[in-house]
1. Here's a check for you: in the range 96-131, which residue that is among the β-branched types (Val, Ile, Thr) and closer than 20 Å to Gly27 by Cβ is surrounded by the most Cβ atoms within 10 Å (Cβ to Cβ)?
2. Looking at Leu29, Leu108, Leu18, Leu43, which is the one that is in a helix (DSSP H, G or I), free of Cβ contacts under 8 Å to residues at least 24 places away in the same chain and under 27 Å from Leu184 (Cβ atoms)?
3. Could you give me the residue pairs with C-beta distances under 8 Å whose first residue belongs to the range 136-165 and is farther than 28 Å from Phe23 by Cα and in contact (Cβ under 8 Å) with a residue 60 or more places away in the chain, whose second residue is buried (at least 16 other Cβ atoms within 10 Å of the Cβ) and of a type in the set (Gly, Ala, Ser) wherever it lies, and which are 6+ apart or on separate chains?
4. Residues to consider are Tyr100, Tyr12; find the one that is modelled with pLDDT under 95 and in contact with a Phe, Trp or Tyr (Cβ under 8 Å, 6 or more places away or on another chain).
5. I'd like to check something: does the range 54-70 contain any residue that is in a helix (DSSP H, G or I), modelled with pLDDT of 95 or more, in contact with a strand residue (DSSP E or B) (Cβ under 8 Å, 6 or more places away or on another chain) and not charged (D, E, K, R)?
6. Which residues, counting only those in the range 46-70, are touching a residue at least 60 places away in the same chain (Cβ under 8 Å), small (Gly, Ala, Ser) and over 16 Å from Trp109 (Cα atoms)?
7. Testing Ala95 on (1) among the small types (Gly, Ala, Ser); (2) under 24 Å from Asp166 (Cβ atoms); (3) in a loop (DSSP other than H, G, I, E, B), one condition comes back false. Which one is that?
Amino acid sequence: MIIVLSLPILLYHMIKFLFDRFFGLIGLLVFLPIIIVVYFLILFKMPGGPVFFRQKRVGKNGKLFTMIKFRTMTVGHSGSSVSVAGESRITILGATLRKYKLDELPELWNVLIGDMSFVGPRPDVPGYANELKGDDRNILKLRPGITGPATIKYINEEEILAKVDDPVKYNDEVIYPDKVRINLLYYKYHSFWMDVKLILHTLTRKPFMEENYFKVRK
């Protein structure tokens, strides 16, 4: 009985593993021209610092990994891990890259080597992940993703935070708890076909409706 119940789970992880590796490689090859262009734009328009931004994030089972993105901020800035649209530490080029999510293209490498998946909860910095308690820690059983239901819902998160008086407090008390709730729903209901649907949803940038994915009680 245990083997029968486990088979769909094992099949899901096998398919997702192959999907991530195959399309991670394809994605890097397809977007390589854009990656090269962005690389040189940062090199010449944002001199004095690295092209890539590397940061330790919490991965599957709480294991730390190094996430790589294009740098979008000034060098040596001091600020929180919560980003707000219009911040002075975000450069003009960086704001454009963030708007079109081009800064996240290097994360395809993280997908290819197995640190991340295309779909899953966004990887938190250790400070936030350490605050997960009880059932909330089930989120850490999932491989973090480039996109996911919470990511789609808060695709304009930086613009939302720019409209409140205390962005850090609003993030900690409103947005982050809601992301945890949504990620727990994903943990409960996730499937390969849901992942495909979420990827397509990300590409079309349509408004997120929970009832299209989860059995949400009204």
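The values are calculated or read from the model by the stated rules, or taken from the named source; none is laboratory data. Since the structure is predicted, the reported quantities are computational estimates derived from the model, not experimental observations. Cβ coordinates were reconstructed from backbone atoms using ideal geometry, including for glycine residues, and neighbour counts include every protein chain displayed.
1. So the first thing to find is which residues in the range 96-131 are among the β-branched types (Val, Ile, Thr), and the list is 96, 111, 113, 119, 125.
Keeping just the survivors that are closer than 20 Å to Gly27 by Cβ gives 111, 113, 119.
Details: Val111: 22, Ile113: 12, Val119: 27.
Among those that are among the β-branched types (Val, Ile, Thr) and closer than 20 Å to Gly27 by Cβ, it is Val119.
2. Details: Leu29 fails: under 27 Å from Leu184 (Cβ atoms); Leu108 fails: free of Cβ contacts under 8 Å to residues at least 24 places away in the same chain; Leu43 fails: under 27 Å from Leu184 (Cβ atoms).
The match here is Leu18.
3. As it stands, the answer is Glu158/Ser83; Glu158/Ala85; Glu159/Ala85; Leu161/Ser83; Leu161/Ala85; Ala162/Ala85, since those pairs meet every condition given.
4. Details: Tyr100 fails: in contact with a Phe, Trp or Tyr (Cβ under 8 Å, 6 or more places away or on another chain).
None of the other options fit; the residue is Tyr12.
5. no
6. Just the residues of the range 46-70 that are touching a residue at least 60 places away in the same chain (Cβ under 8 Å), to begin with: 55-62, 64.
Add one more test, that the residue is small (Gly, Ala, Ser), and what stays is 59, 62.
The one that is touching a residue at least 60 places away in the same chain (Cβ under 8 Å), small (Gly, Ala, Ser) and over 16 Å from Trp109 (Cα atoms): Gly62.
7. Here Ala95 meets the rest and fails (3).
For (1) within 26 Å of Thr91 (Cα to Cα); (2) touching a Phe, Trp or Tyr at 6+ places or on another chain (Cβ under 9 Å); (3) surrounded by fewer than 16 Cβ atoms within 10 Å (Cβ to Cβ), each residue gets a yes or a no:
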site	(1), (2), (3)
Asp20	no, yes, no
Pro33	yes, no, yes
Ile42	yes, yes, no
Pro47	yes, no, yes
Lys56	yes, yes, yes
Lys60	no, no, no
